[in-house]
Amino acid sequence: MRSSQFFMPTLRENPSEAQIVSHRLMLRAGMVRQASAGIYSWLPLGFKVLKNIERIVREEQDRAGCQEVLMPTIQSADLWRESGRYDDYGKEMLRITDRHDREMLYGPTNEEQITEIFRNAAKSYRDVPKMLYHIQWKFRDEVRPRFGVMRGREFLMKDAYSFDLDQAGAKRAYNKMFVSYLRTFARMGLRAIPMAADTGPIGGDLSHEFIILADTGESAVFCDKSFIERDVLSLDIDYDSDLEPLVKQWTTDYAATDEKHDTAKFGALPKDRQVEARGIEVGHIFYFGTKYSEPLRAQVQNPEGQTVPVHMGSYGIGVSRLVGGIIEASHDDKGIIWPESVAPFKVGLINLKAGDAVTTPMADELYAKLRRAGIEVLYDDRDVRAGEKFAQMDLIGLPYQVVVGPRGAAKGEVEFKLRKTGAVEEISADAALKKLG
Ligand code: ATP
Ligand code: MG
Ligand code: MG
Ligand code: MG
């Protein structure tokens, strides 16, 4: 993509409405625009990142054996009356009436909907276990939408649901999702810590929030320092094996949000292991037994011939929140620093002197070669000041920059820069191409 053609309305000044860095940078980089309170349009740069995050989420759900579906955004109120949540949900639910005066709603989540699909399809224990997910827009009329896409009213969520014969089966599903979440967030360059979360009336310990640490996080969190150093991507995970030992490893050391915080337990840790920070909830997994399957009568026949309600869990990831979350975790005073896995382009190519007889053919050729090699590149071919090009490239945070300037071009060299460290090397254009391939 050539910058001269790309729709990327960047802002030079900090927008006054943005209180946190990710919101500021997303507006400045032209990634999103607010449509109304808590509702955003995604512009090309932002939409590319959103889709990259979605792709990683999808790959890891598929890998764990979860099957993708797509349920509607608009649901019938009747279904929510069956579960009893139509009244309970309160003002966060956006209620709609259609032309026939039927009560509808814009789904804030999909437990009822998926349970209805499942109950009409499943009859026997042979129909479980099943795990289904979708990636769909949700609407929650938050009291205080803020921080840009981090707490929107309309937001993109991946929500998965598991159906099992009994609690032991549900725990296996829970473990799969637990491990898949570790991988999902790690692939985005995030250190997401699973923290014990409130299970409400169901009790037990089968609910975890996945929290990334950031000063602007909305909840206070407490954890053992061990979580900061862990690696999960190097593990070879077989989702058909018993994942309990791995889950144990990740749930034994202390980690809790303020809701579940136990000061005595935390205080018993050696001082240098106590991490007290703020966190952003990027995912939440939950075993809720028969909470929905009972009222909605999602039942199967067990091998003994008895009809029993299925045991369910639900597993959410804030896909659009992650765009802001990743920026909170990875930026500097110049702008965003994208991890390669979610970057909107891998490399920014800058022709320092548009129209120059030496730099332009060299930059054009490199651009053509990068595209031929299938490497996503944003080519700043505009006739603007060098300083402006540098500032914009740093702002939008592509992992690599290749700068073609008159001095280097005369020697057949380009500047190859890593956005993260700022380290610059002068190398030949071919060497740059090789590094990126
Ligand atoms: P929060 O505590 O931040 O209000 P939640 O606990 O209400 O979130 P869940 O019902 O657990 O949210 O939904 C699953 C995931 O959806 C959350 O972990 C979060 O990443 C994301 N999410 C929830 N509400 C929003 C929102 N208003 N804007 C963007 N993402 C959200
Ligand atoms: Mg909420
Ligand atoms: Mg929460
Ligand atoms: Mg939650």
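For region 1-93, what class follows from the C-alpha gyration tensor (a ≥ b ≥ c being the square roots of its eigenvalues): rounded when a/c is under 1.5, otherwise prolate if a/b is larger than b/c, else oblate? Verdict is oblate for region 1-93. Relative protection proxy for 423-435, 25-37, from highest mean packing down: 25-37, 423-435 (other beta-carbon atoms within 10 angstrom).
Pairs of Lys residues in region 86-207 are counted when their Cα atoms are under 26 angstrom apart and they lie 8 or more places apart or on different chains; the count is 12. A Stokes-Einstein calculation at 25 °C with viscosity 0.890 mPa s, built on the Kirkwood radius of region 383-437 over Cα pairs, returns a diffusion coefficient of 210 µm²/s.
Scanning residues 5 or more positions from PHE147 or on other chains, those with amide H under 5 Å from its amide H are GLN19, with H placed 1.01 Å from N in the peptide plane.
Remark on region 125-275: hydrodynamic radius 17.4 angstrom, per the Kirkwood mean of 1/r across alpha carbon pairs. Cα convex hull, region 324-404: 76 Å³ per residue, rounded to a whole number.
Per residue, the convex hull around the alpha carbon atoms of the chain comes to 170 Å³.
For the peptides 307-315, 240-248, the ranking by packing is 307-315, 240-248, with the highest mean count of neighbouring Cβ atoms within 10 Å listed first. Split the accessible area of the chain by element, probe 1.4 Å, and carbon with sulfur accounts for 48%. Run lengths n ≥ 4 of DSSP H only: what is the helix-derived mean residue ellipticity at 222 nm for the chain, with -39500 (n - 2.57) per run over all residues, to the nearest 500? For the chain, the value works out to -9000 deg cm²/dmol.
Residues in region 160-170 carry Karplus couplings, in order, of 10, 9, 10, 10, 9, 6, 8, 5, 4, x, 4 Hz; the curve used is 6.51 cos²θ - 1.76 cosθ + 1.60 with θ = phi - 60°, and Gly or Pro positions show x. Across the options GLY107, PRO399, SER226, the greatest Cα extent toward the positive end of the charge dipole of the chain (unit charges at beta carbon of Lys, Arg, Asp, Glu) belongs to PRO399. Kindly provide log₁₀ I(q)/I(0) values, in the same order as q = 0.09 Å⁻¹, from the Debye equation applied to equal alpha-carbon scatterers of region 228-361. Each listed q maps to, in turn, -0.57.
Applying both filters, DSSP loop and at most 11 other Cβ atoms within 10 Å, to the chymotrypsin sites (Phe, Trp or Tyr not before Pro) of region 5-57 gives PHE7. The residues of region 131-194 have, on average, 29 Å² of accessible surface per residue, using a 1.4 Å probe with all protein chains present.
The values are calculated or read from the model by the stated rules, or taken from the named source; none is laboratory data. Keep in mind the model is a prediction, meaning the values are calculated, not measured. For neighbour counting, all protein chains shown are included, and Cβ atoms are generated from backbone atoms with ideal geometry for every residue, glycine included. Areas reflect the complete protein model, heavy atoms only, side chains present, ligands, DNA and RNA absent. Shrake-Rupley method; radii C 1.70, N 1.55, O 1.52, S 1.80 Å.
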